[in-house]
Structures are given as structure tokens and as C-alpha cells.
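Scroll down for the structure; my scribbles are underneath it.
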Amino acid sequence: MIPNILSIAGSDPSGGAGIQADIKTISANGGYAMAAITGLTAQNTRGVQVVQLVDADMVAAQIAAIREDIRIDAVKIGMLGSAAIINAVAEALAGLETPIVLDPVMVAKGGDRLLEAGAVAALRLRLVPRVTLITPNLPEAADLLGVSEATTEEEMQDHAAQLMALGAQAVLLKGGHLPGAHSPDLLVADAGVTWLRAARIASGNTHGTGCTLSAAIATHLGLGQKMEHAVAASKAYVANSIANASRLSVGHGHGPTHHFHEWQK
């Protein structure tokens with residue numbers, strides 16, 4: 001049976017990130033996509049111009065409407081924006097026994113902040129201890145922990161351990177901000193510590209890669225796959241999406257990945 005995957009995130013009208021990227025990703029990886037929108041943005045491949053958050057009660061109402069009618073097999077959480085929305089999402093998901101993947105979206109690729117500074121504590125206390133997997137990049141992990149950004153693989157291991165101590169069941173710490181020809185990601189889960197290293201793909205089409213990866217993982221978990229396989233399959237999907245993104249012609253800044261590269265040949 002096709003799994004029903006719920007994305008809770010903001011909208012990107014350019015289609016490369018947020019809800020739009022999640023719907024494409026979930027569909028491409030074999031799931032049925034549902035969406036609860038937390039915020040509207042005016043953005044393109046060059047940056048974010050305006051962010052307008054949805055009222056927290058409306059966010060909760062969207063999730064409640066889905067829960068009362070539709071089976072949810074996995075959840076991906078992206079941009080939340082404020083402490084009020086974080087609290088509303090935490091309460092709306094209470095009692096839901098299904099994999100939850102949290103992508104702690106704090107700053108857009110162009111540097112625009114997408115999570116109020118005062119909301120970091122709410123994210124750390126209300127959601128991190130309740131999720132199946134958290135997928136921060138190095139700046140996001142540092143923001144969550146209140147420490148300096150990791151600059152080595154040893155520091156990555158230390159930050160991952162600290163995130164696990166906050167209560168997350170598993171951590172995928174993305175090392176794309178480290179220099180070098182390879183991008184090292186660190187997965188800490190029940191099976192232990194696993195380094196996933198891949199050759200860095202030289203591309204300007206990396207808009208929405210974090211959204212895409214977390215949505216893919218949620219979909220594979222919803223399909224019943226083990227964490228390690230879900231992460232590995234999702235990383236391969238993102239890599240292929242970036243490698244085939246040159247077939248797209250979208251914008252003049254950080255272009256999107258090609259979510260449907262397997263079908264649009």
C-alpha cells in the first residue's frame with residue numbers, strides 16, 4: 001500500500017524548497033503527499049524577500065483535519081518559524097505513533113533567517129525529544145546547541161552526541177559545510193555510528209536539498225524501511241537529483257534540484 005506522508009513546512013513559490021519540494025520528493029519516492037502549511041514566503045532562487053507565518057491555530061487545524069480522516073504513515077517537519085507554531089505542531093502530533101523526521105530549518109541558503117531566534121529553545125525542548133530523526137546541517141546543529149559550528153569530523157561526532165542527549169532517537173548531521181572533495185554525513189542511530197561519505201557534486205542547483213533529503217527519508221521510513229537504508233536511499237536520490245539538475249533552467253541564483261529526474265529523461 002502506498003504510504004501517506006505528511007509534510008509540515010513553509011511554501012516556496014519558486015518550487016525548489018519547502019512544501020513544493022516535499023510534495024515532489026514524496027511522490028517521486030513512492031508516497032502519497034499531504035501538506036500542512038506553516039508559512040508563506042516570497043522567494044526565488046536568489047533569496048527570500050518576505051515571510052508571512054500562518055496563524056498557529058490554523059497550522060494545528062490543518063494537522064487535526066488530516067488526522068481525523070487519513071492514516072499518516074510518516075511525518076516530515078520543515079520550516080516552523082515561531083515558538084507558537086512549534087508548540088502547536090507538538091500538541092497536534094501528540095500520540096501519533098509514526099516516524100517523524102525533523103529538518104530544523106533556521107536559515108535559508110541565501111542567509112535569510114526562517115526561524116525566530118527566540119524560538120530555538122522551543123524547538124529544542126518541544127520537538128527534538130519527540131522525533132524519530134533530526135537532520136540538521138552544521139550551522140543548524142550549532143544554533144540548536146548554542147555552540148560554535150563544527151569544523152572537523154571529530155567536532156561533528158561531539159555535536160551529534162549532544163543532539164542525541166537532547167532526546168532525539170537518531171541524528172543525521174550533514175557535513176556539507178566542511179571543505180574538501182567529499183561531503184561527510186554522520187548518522188547516529190540504534191545501529192551505532194555510521195559515516196556516509198559521497199563525492200561533492202559541483203553544481204549551482206542545490207536549492208532545497210535539505211527539504212528534499214528529509215522528505216525522502218520520511219517517505220522511505222513510511223514505506224517500512226530501516227533507518228540506515230532509508231537514509232542511504234534518500235542520499236542517493238538527492239545526489240542524482242543534483243547531478244541531473246543541469247537539465248533544468250530555473251532562475252539565476254541557487255537553482256533547484258531535479259526531483260523527477262527518473263521520469264523526465
Between Val48 and residues 5 or more places away or on another chain, the pairs with built amide H atoms under 5 Å apart involve Asp112
Listed by chain and number, the aspartates and glutamates with an alpha carbon less than 12 angstrom from that of Lys235, same-chain partners under 8 positions apart left out, are Asp185
Note, region 251-264: 3J(HN,Hα) by Karplus (6.51, -1.76, 1.60, θ = phi - 60°), whole Hz, Gly/Pro = x, goes x, 10, x, 6, x, x, 7, 9, 5, 9, 4, 6, 9, 9
Diffing region 147-164: the Karplus 3J(HN,Hα) column from phi (6.51, -1.76, 1.60, θ = phi - 60°), in whole Hz with x for Gly and Pro, holds 10, 6, 5, 5, 10, 9, 5, 5, 5, 4, 4, 5, 5, 4, 5, 5, 5, 4
Sorted by chain and number, the residues with a modelled amide H under 5 Å from that of Ile100, at a separation of 5 or more or across chains, are Val75, Thr132, Leu133
Going residue by residue through region 183-191, the Karplus relation 6.51 cos²θ - 1.76 cosθ + 1.60 with θ = phi - 60° gives ³J(HN,Hα) values, rounded to whole Hz and with x marking Gly or Pro, of 10, x, 10, 10, 9, 10, 8, 4, 6
Within the under-14-Å Cβ sphere about Ala161, not counting Ala161, Lys/Arg +1 and Asp/Glu -1 give a net charge of -4
Amide H proximity to His177 below 5 Å, modelled H, separation 5+ or other chain, gives Leu138
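Send over a whole-number figure in Å² for the accessible area per residue of the chain, probe 1.4 Å. Show your work: numbers first, answer last.
Values: 11180 Å² over 265 residues.
I get 42 Å² per residue for the chain.
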For Lys226, the aspartates and glutamates lying under 17 Å Cα to Cα, once residues fewer than eight places off in the same chain are dropped, come out as Asp73, Glu97, Asp190
For 22-30, 119-127, 84-92, ranked highest to lowest by mean beta-carbon neighbours within 10 Å, the order is 22-30, 84-92, 119-127
Taking every other residue with Cβ under 13 Å from the Cβ of Ala64 and scoring Lys and Arg +1, Asp and Glu -1, one gets -3
Filtered hits (lysines, Cα-Cα < 19 Å from Lys265, offset >= 8 within chain) -> Lys24
Compactness summary of region 174-265: radius of gyration and Dmax from Cα atoms, Å, are 13.7, 42
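The values are calculated or read from the model by the stated rules, or taken from the named source; none is laboratory data. Keep in mind that this is a model prediction, so the values were computed, not measured. Backbone-built Cβ (ideal geometry, glycine too); neighbour counts: all protein chains shown. Just so you know, the surface numbers come from the protein's heavy atoms only, side chains and all, with ligands and any DNA or RNA stripped out. Shrake-Rupley method; radii C 1.70, N 1.55, O 1.52, S 1.80 Å.
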